[in-house]
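The values are calculated or read from the model by the stated rules, or taken from the named source; none is laboratory data. Being a predicted model, the structure only gives us computed values, none of them experimental. Every residue, glycine among them, receives a Cβ derived from its backbone with ideal geometry; neighbour counts consider all protein chains shown.
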Amino acid sequence: MPTAIEIFKLLPKKNCGKCNYPTCLAFAMQIANSKAKLQDCPFLSEEALAVLAASAAPPIRLVKFGSGNKVIEMGDETELYRHEKRFFHPTAYALTVSDALDDSAIAQKVERIANIKFERVGQELRFDAIAVKNDSSDAKRFKEAAEAVAAKTDLPIVLVSRSPESMKAAAGAISIRRPLLFGANATNHVQMAAVAKDLNCPLVVSEGKGLDALANLVQLVKSSGIEDIVLDFEAGSMKQLLERSSIVRKVSVKKTFRGLGYPILVDAGSGEPAILKGLLATMKYGSIVLFDELSEARAHPLFVLRQNIYTDPQVPIQVKPGVYPVNAPNESSAVLFTTNFSLTYFTVLSDIEKSKVPIWLLVVDTEGLSVMTAFSAGKLTPESVNACLEASGVKEKSKSGEIIIPGMVSRMSGKLAEATGLKVIVGPKESSGIPKFLKSR
Amino acid sequence: MVEVPIPKEKWSGKIGEVTLGATAENGGTRTIALRTGSETGMPFLSYEGVMPNRPLIAGEVLDSISELPAPIRSEFGEAVNDPVAWARAWVDKFGADIICIKLVSTSPDEANRSPHEAAETVKRVLEAVKVPIIVYGCGIEERDAKTFELVSNIASKERLLIGHAEDTAYKSIAAATMANHHAIISFSNLDINLAKQINILLTDFGVKKDAIVMDPLMAALGMGLEYSYSVMERIRLAAFMGDGMLQVPLICDTSASWKAKEATEDIPGPDGIAERATWWETTTALAALIAGADILIMRSPRASAIVRRAMEDLTGGD
Ligand code: B12
Ligand code: SF4
């Protein structure tokens, strides 16, 4: 975003007030703060409008693919480091399906991909897209495979082929799904750009020879009328991937260099190098990663890393404080408390569920802090637990006269008993001990 | 022709260098002394600065093993019952750069061994392997004070790295460290100001800056990794911008990954727990490296081998 002064320089300087601000300068300041729209000044020249609109565009273009409620948004990032504000659009992960498979094998693989999912802190972690690869090199087969995948899933689709003819056939057949076309390179870019333009699909531009060569290719593709571009460095090593991604992010958001202001795709391949590249791309500026295959055991930490990196540094994921019934409790069931940090809550919840013992689970507001963090920050005290106990009305629900507390805060037992009038029972330190503990009571 | 500008930062600061282990030349018995630190730019960005010393991997050895996960036991076999054999396996079989021995047995909650016995273990490990050694206590201040005093003396010329000092407990360990020119780990709790504070306390107390390695607490994947990752990036940025009290190498213990429930619990799926937990630690370690770690303390040899390959790929050819 340009500064107020830079904007002011391009305004007509009539100070006529038609924009509802007394002066052009006042108007410029409002624009700089995103509080007014350029269109509100009726005297702005076409040229000034174009200049201002272009420089106000995000440093990294927002590119979308997919359709309906399954649209993947990539790019539009503004920070180098997550602590500066946050990262906005989590890296998307795609698994590959080859068009060399027959249709039933394709259907099977798509189903397998759809079935890989993990529950975590109330979110479902799963693959975001499916990439169809034109291994057959045959346009007709590629089209059929794309159709077979599209029929089987509503996930967004990446079409992978270097043949404009194949791409045209497949993308044309599923264009209402707005697939990502992967893509253009130094040899095919003219025809590929024509296909992308025709079908209004985003286009990946690949160039392994370095960033200058890539920027040149991007410029060519852009001049043929394509705006939705995604970059592929064809990085051979993690070093190349990290360095090129870092340069692109930095020149885009800090140096207002526009030529590479697009999301980044990583075609990771298979095996150990693939998952390592995927992990790296998740931390450092990758928007979408394609894997040939990825086992659950490797996908799981990858998904969790993404969730960690993309949380808002200012706000831990929290659950609503209050009382939650677990395993159908009644009046004789005990009360157990934990904090409202989502990680703590979901860990404890799943262990209580495992025990099958009916429990009233009291979630104390610790502003999203874990047990020990909240305890040492003074946000989990006998008083705050008691206040929550009273406010939640759990005393009417459970007449057991007992409260089970986390083993880590056994130190508060005495004071808590005093404050609540309940019998305090110290539970295990780790929630993994909860099932055994509850069952043996 | 478009030319992409290379956004090279002109940092005013650089990370200091710390030497671990002492060879005969300096009176020690190590066959190799290792240097760590000295970076002049953010991790692995060769266009921005140099990283003359590649990050080091320290293999974790415990002197009491009540809680060791099954996959780790099976990787080391019988060796886990003897710190000496365990350390040897790390060095000979798995190529660890450093051995990190944690004297947990001195805790009353564990075997409650005497500081003398613990120091004896360190001595035996020093005899058995010739790489630099990191020594941790059990975390109970009074116990560790005695243990470190003994350890410092029996290894007087070895340039150990001793962990760790906290703002609430640093004097006895700092004294033990300084007595024989060892190096010290300054620990803080995921907070850049606390990280700086403990370094100030230590240097005011007389510890030289080239004897400090800082541990800002590496939370495992899914257990607050994002906090550690960002605190480390902030520490590094501040150091390069000129904050002298943060210009020291970073050490990260990734062994806690094996305590993350999701890493080791049995959830349905065709893969073994060992595979997932290995990648859990690998992921934690890779995040630590990308955020600026100079030394990793690792539990799994398989994870450490993957991380070593990743490091090669991050520093290797173009
Ligand atoms: C991430 C983290 C932070 C994050 C906050 C994350 C969050 N949202 O809570 C940040 C960086 C903000 C932070 C800050 C601080 N932290 Co902190 N932090 C951690 C860390 C690394 C992980 C905590 C975590 O997420 N644990 C995972 C959750 C799931 O654990 P949990 O809530 O305890 O729940 C488990 C059990 O308690 C049990 N359980 C939970 N509920 C119940 C209920 C019952 C009935 C039962 C039986 C069991 C049970 O089940 C769960 C799974 O086993 C720990 C160290 C570590 N590795 O544990 C330190 C740690 C908790 N922090 C600590 C401290 C001191 C602090 C600070 C005071 C220091 C500072 N830097 O200023 C601040 C205070 C914050 C403030 N002023 O706002 C200390 C606490 C020391 C102590 N023993 O008192 C720890 C232990 C680090 C250490 N080794 O010194 N911290
Ligand atoms: S309408 Fe345009 S010319 Fe008139 S005051 Fe506003 S900015 Fe200036």
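General observations
- Within the range A:337-368, the set of residues being within 15 Å of A:ASN386 (Cβ to Cβ), within 8 Å of ligand 1 (Cβ to nearest atom) and of a type in the set (A, V, I, L, M, F, W, C) comprises A:PHE337 only.
- Test: residue in the range B:105-125 that is buried (at least 18 other Cβ atoms within 10 Å of the Cβ), without any contact (Cβ under 8 Å) to a residue 40 or more places away in the chain, closer than 28 Å to B:ILE32 by Cβ and touching a helix residue (DSSP H, G or I) at 6+ places or on another chain (Cβ under 8 Å): yes
- Test: residue in the range A:102-112 that is free of Cβ contacts under 8 Å to residues at least 24 places away in the same chain and either closer than 30 Å to A:PHE346 by Cα or touching a Phe, Trp or Tyr at 6+ places or on another chain (Cβ under 7 Å) (or both): yes
- None of B:GLY222, B:GLY206 is within 13 Å of chain A (Cβ to nearest Cβ), small (Gly, Ala, Ser) and in contact with a helix residue (DSSP H, G or I) (Cβ under 9 Å, 6 or more places away or on another chain) except B:GLY222.
- Filter result for B:VAL91 (touching a residue at least 40 places away in the same chain (Cβ under 8 Å) and either touching a Pro at 6+ places or on another chain (Cβ under 6 Å) or hydrophobic (A, V, I, L, M, F, W, C) (or both)): yes
- Restricted to the range B:186-297, the set of helices (runs of 4 or more DSSP H) holding at least 1 residues that are closer than 27 Å to B:ALA174 by Cα comprises B:192-205, B:225-240, B:273-291.
- Qualifying positions in the range B:290-318 - at the interface with chain A (Cβ under 10 Å from one of its Cβ atoms) and among the β-branched types (Val, Ile, Thr): B:ILE290, B:ILE306, B:VAL307, B:THR315
- Candidate set from the range A:206-221 (those that are of a type in the set (A, V, I, L, M, F, W, C) and closer than 18 Å to A:GLU243 by Cα); member that is surrounded by the most Cβ atoms within 10 Å (Cβ to Cβ): A:LEU214
- Where a residue in the range A:217-228 is free of Cβ contacts under 8 Å to residues at least 12 places away in the same chain and its partner, wherever it lies, is buried (at least 16 other Cβ atoms within 10 Å of the Cβ), with Cβ under 8 Å and at least six apart: A:LYS222/A:ILE229
- Subset of the range A:303-326 (residues that are in contact with a strand residue (DSSP E or B) (Cβ under 9 Å, 6 or more places away or on another chain) and within 12 Å of another protein chain (Cβ to nearest Cβ)): A:PHE303, A:VAL304, A:ARG306, A:GLN307, A:PRO316, A:ILE317
- Residues located in the range A:203-212, provided they are facing chain B (nearest Cβ under 9 Å) and either at positive phi or touching a residue at least 24 places away in the same chain (Cβ under 8 Å) (or both): A:GLY210, A:LEU211
- Residues that are free of Cβ contacts under 8 Å to residues at least 12 places away in the same chain and among the charged types (D, E, K, R) number at least 2 in the following helices (runs of 4 or more DSSP H) confined to the range A:355-433: A:394-397.
- Filtered residues of the range B:82-104 (kept if of a type in the set (Gly, Ala, Ser) and either at pLDDT below 95 or surrounded by 21 or more Cβ atoms within 10 Å (Cβ to Cβ) (or both)): B:ALA87, B:ALA89, B:ALA96
- Qualifying residue in the range A:38-51 (condition: assigned to a loop (DSSP other than H, G, I, E, B), at positive phi and away from ligand 1 (no atom under 16 Å from the Cβ)): no
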